[in-house]
Amino acid sequence: MSDLSDLYQETIIDHSKRPRNKAAVEQPTHDAEGYNPLCGDRVRIQLKIVNGRILGVGFQGSGCAISTASASLMTEAMKGKTPEEVETAFGKFHQLLTEDRPPAADLGKLAVFSGVREYPMRVKCATLAWHTLRAALRGEQQAVSTE
């Protein structure tokens, strides 16, 4: 395994075992739930948006290592962003998982998920939190499903 692959794997393991922002957000302004029926991942994303920026973002739920790590890294990366910036990041992240091309330079730590595209069944695990984040931003009331 290459040094880069080792680093990616270590980052995913670290965030799955010690997820960041895995907590309720105090006085959230946006909230959504997501479910991956294929592997049973469940996530709830809460946001606190003030003056057009995400000041607080957290997640709750349970899932596989990829799902948990993705939610953890996503919440870290989206703090301070505008909804428009979230949409742009979502597009780049989705592209990372579905297209065979180098990751966008501004994805930062999120690039660790580039290897997931080799495992199509896991793409839904990695994107569940992202789809749920979009649903929260859009005020969607129905739970998001990756199926």
Of all residues in the range 12-42, how many are in a loop (DSSP other than H, G, I, E, B) and either modelled with pLDDT of 95 or more or among the acidic types (D, E) (or both)?
12
Kindly check whether there is at least one residue in the range 79-92 that is on the phi > 0 side of the Ramachandran plot and at pLDDT 95 or above.
yes
Residue tally, condition farther than 13 Å from A126 by Cβ and either of a type in the set (F, W, Y) or surrounded by fewer than 14 Cβ atoms within 10 Å (Cβ to Cβ) (or both), over the range 89-108
8
Among (1) of a type in the set (A, V, I, L, M, F, W, C); (2) surrounded by fewer than 21 Cβ atoms within 10 Å (Cβ to Cβ); (3) in contact with a His (Cβ under 9 Å, 6 or more places away or on another chain), L38 falls short only on (3)
Across (1) over 17 Å from E26 (Cβ atoms); (2) crowded, with 20+ Cβ neighbours inside 10 Å; (3) among the hydrophobic types (A, V, I, L, M, F, W, C); (4) more than 10 Å from the chain's Cα centre (by Cα), C64 clears everything bar (2)
Test: F59 is in contact with a strand residue (DSSP E or B) (Cβ under 9 Å, 6 or more places away or on another chain) and closer than 22 Å to K17 by Cβ:
yes
Of all residues in the range 111-131, how many are in contact with a helix residue (DSSP H, G or I) (Cβ under 6 Å, 6 or more places away or on another chain), crowded, with 20+ Cβ neighbours inside 10 Å and closer than 19 Å to E87 by Cα?
6
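The values are calculated or read from the model by the stated rules, or taken from the named source; none is laboratory data. What you see is a predicted model, and the numbers here were worked out from it, not measured in a lab. Cβ coordinates were reconstructed from backbone atoms using ideal geometry, including for glycine residues, and neighbour counts include every protein chain displayed.
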